[in-house]
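Engineer: Input: one structure, supplied below.
The values are calculated or read from the model by the stated rules, or taken from the named source; none is laboratory data. Note that this is a predicted model, so its numbers are computed, not measured. Positions of Cβ are generated from backbone atoms using ideal geometry, with glycine treated the same way; all protein chains shown enter the neighbour counts. Note: accessible area is taken over every heavy atom of the protein model, side chains too, but ligands, DNA and RNA are not part of it. Shrake-Rupley method; radii C 1.70, N 1.55, O 1.52, S 1.80 Å.
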Amino acid sequence: MSLVTIIMPYFKKKSFFEESLNSVMNQTYKNFEVIIIYDDADKTELSFLTKFQLKDKRIKILVNDTNLGAGYSRNRGLDESKGKYIAFFDSDDIWEKE
């Protein structure tokens, strides 16, 4: 089973994030890593995200020093990815279970 890297830029989406991430974590395909790129200079929601990282070793958080935008954040996630396949996922998206 090939590894899939899911790249998820994050900027002030706290109210959507948990449902979005759960839609990824509850997939029937389980061989994946999730790279969340925290793209908010004020860091007020970073501790919120780290709680999810502690629950599952497949979740990795990268932190941008300043707000660089979704495109740069996705490219940064690509640089860190280990998967054979890449999926881009925004922090307010929802995936079907399969």
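Engineer: Starting from the 7 Å offset along Cα-to-Cβ, what nm value, one decimal, do you get for the label separation of Glu19 and Asp90?
Structural biologist: Result: 1.5 nm between the two label points.
Engineer: Further, regarding this structure: Given a 1.4 angstrom probe, what's the average accessible area per residue across the chain, in square angstrom?
Structural biologist: Ligands and nucleic acids excluded, the result is 59 Å² per residue.
Engineer: Follow-up. Looking at the range 1-97, how many pairs of lysines come closer than 12 Å at the Cα, when each pair is eight or more places apart or spans two chains?
Structural biologist: 4
Engineer: With the full set of protein chains in place, find how many percent of the accessible area of the chain is carbon and sulfur; take the probe as 1.4 Å.
Structural biologist: Summing carbon and sulfur atoms, their accessible area is 50 percent of the total for the chain.
Engineer: Please compute the modelled spin-label separation between Ile61 and Gln27, points set 7 Å along Cα→Cβ, answer in nm with one decimal.
Structural biologist: Here the modelled spin labels are 2.1 nm apart.
Engineer: Using a simple spin-label model with points 7 Å from Cα along the Cα→Cβ vector, what separation in nm is obtained for Phe48 and Ser2?
Structural biologist: Computed distance between label sites Phe48 and Ser2 equals 3.5 nm.
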